[in-house]
Amino acid sequence: MEKGNVLMKRYDIGRLLGQGNFAKVYYGRDIKSGQSVAIKVIHKEKVLKAGLIEQTMREISIMRLVKHPNILQLYEVMATKTKIYFVMEYAKGGELFKKLCKGRLKEDVARRYFRQLVSAIRFCHSRGVYHRDLKPENILLDENGDLKVSDFGLSALAESKLQDGLLHTTCGTPAYVAPEVIGRKGYDGEKADVWSCGVILFVLLSGYLPFFDSNLIRMYRKICKAEYKSPSWFPPNIRKLLTRILEPNPHIRISFDKIIEHPWFMEGLETKPCDNESKEKEMILPVMTKSTTNTNAFAIISLSMGFDLSGLFIENDNKEEVQFTSKNSPSEIMIKLEEISGNLNFRVVKKDEGLLRLEGNMSGDCLCVDIEIIEFACSFHVVEMKKVKGDVVCFQKFLNGGIRTALKDVVWSWQGELPMVNDGD
Ligand code: AMP
């Protein structure tokens, strides 16, 4: 994408704001309203190759639901055959850490940013989203100097993804990552984010990293032992808080609920910030409408597969084809389909790799249905059921006469329904 281009007839594209391995971020302007936005452009192939589409979809669904003053809002998701575009709130103040080039922050200023950071992260945790990749580039400032966490929910797209090896991040350093994440032991998302917040707090107050070594192995050791030295000017209550946060054992590391009760965090506040919870709740978009919210997320899948599912959310009883997504293997899906067709007295007239043709009698008419299993990511399939012969009413009867219920064990989501979020896997 080039400066001066127009995206989907809606946004003027401006200068490049920044870039990572997966994405480039451009300044954009909504042509109609004049509103400034940031547009993140992601190459679909890279996401597909990394097998991240399912997780990305799920997190986008969540992110479209949350609104918080310290989280960059995701306005919309668009896609073409090769690229995905995230249209986000524009953070005019740029990266928070650029401010640190001028030196460390005053204690009160650091505390304000830290509170905003904790507020954003607690809010997302309460909705089952963990950042896992908190680092300076992801902390931006808006025009009022308020902190905005970016990439919440898109963190799956970060180049420092766990299985890729954490030592290959942008800055080539695991400086912000918790010991248990480096150790790949399987970790608790909340406690890992607590650690990263501790490193960020240290940097805000001191102007330098708590764990640093030009040799990565030595740096790794320092992190795992939480070997750091606070500057002499750190007051005792900051030191105490940091000791509790930068605790290598995640089981005894302080939680966010305790951080917000800590005297240093509370200084100058009359009530615990969690009392804002009700205010935050009001900011969740009330109802997710099928036509606006899901269509976009599904469009990513549909366009990636080269066919358009944009009509997915239009309720239509005359449809001659339906799709569902599944996390089961093709052979499991096949077995289930054959079992169900037998129960309905339908014959398998053709069976190829990933394709099944069923024929049978439905209300006195001959009905023929093709079922195709399309692999999307290794554990994510789209199954398309299409009428090839017979009446559309018979096809609807075939679908609604028990087949939906019978397929429930292999269906992740039917077209038009929101994929399950937060199902714990
Ligand atoms: P990211 O790929 O999200 O890490 O973004 C790369 C860089 O682009 C960031 O470090 C920021 O400098 C810039 N950037 C990303 N998102 C925004 C935004 N919403 N507003 C302003 N700058 C941004």
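The values are calculated or read from the model by the stated rules, or taken from the named source; none is laboratory data. Values in this document were obtained by computation on a predicted structure and should not be read as measured data. Don't worry about glycine lacking a Cβ; one is built from the backbone with ideal geometry, like all the others, and counts go over all protein chains shown. We work out accessible area using only protein heavy atoms, side chains counted, and drop any ligands, DNA or RNA first. Shrake-Rupley method; radii C 1.70, N 1.55, O 1.52, S 1.80 Å.
Looking only at residues in region 125-148 that are under 15 Å from the mean Cα position of the chain (by Cα) and crowded, with 22+ Cβ neighbours inside 10 Å, the one that is farthest from S196 (Cα to Cα) is V129. If the condition is being part of a helix (DSSP H, G or I) and open to solvent by less than 60 Å² (accessible area, probe 1.4 Å), then region 324-347 contributes P330, I333, M334, K336, L337, I340, S341, G342. Looking only at residues in region 134-148 that are hydrophobic (A, V, I, L, M, F, W, C) and part of a strand (DSSP E or B), which one is farthest from the ligand (Cβ to nearest atom)? Looking at residues that are hydrophobic (A, V, I, L, M, F, W, C) and part of a strand (DSSP E or B), I get L147.
Looking across region 171-186, not a single residue is open to solvent by less than 10 Å² (accessible area, probe 1.4 Å), over 22 Å from the mean Cα position of the chain (by Cα) and modelled with pLDDT under 75. Quick one: is E332 under 30 Å from L48 (Cβ atoms) and either in contact (Cβ under 8 Å) with a residue 60 or more places away in the chain or not aromatic (F, W, Y) (or both)? Yes: the conditions hold for E332.
Anything in region 78-104 that is touching a residue at least 40 places away in the same chain (Cβ under 8 Å) and more than 17 Å from D151 (Cβ to Cβ)? List them, or say none. Break it down stepwise before answering.
In the first step, residues of region 78-104 are kept if they are touching a residue at least 40 places away in the same chain (Cβ under 8 Å); the result is 78-81, 83-97, 99-100, 103-104.
Residues satisfying the conditions are M78, A79, T80, K81, K83, K92, K99, L100, G103, R104.
Of everything listed in (1) at pLDDT 90 or above; (2) part of a helix (DSSP H, G or I); (3) not polar (S, T, N, Q), the single unmet condition for K191 is (1). Against the numbered list (1) at pLDDT below 50; (2) touching a helix residue (DSSP H, G or I) at 6+ places or on another chain (Cβ under 7 Å), V348 comes up short only at (1). Selection of first residues in region 247-266 that are assigned by TED's automatic domain parsing to the domain that holds A178 and more than 12 Å from E190 (Cα to Cα) and of second residues that are open to solvent by less than 40 Å² (accessible area, probe 1.4 Å) and assigned to a loop (DSSP other than H, G, I, E, B), restricted to Cβ pairs under 6 Å at least 6 apart or on distinct chains, gives the following pairs, ordered by first then second residue: E247/R253; P248/A226.
Residue check: K229 meets all listed conditions (1) open to solvent by 90 Å² or more (accessible area, probe 1.4 Å); (2) touching a helix residue (DSSP H, G or I) at 6+ places or on another chain (Cβ under 6 Å); (3) not hydrophobic (A, V, I, L, M, F, W, C) but one, namely (2).
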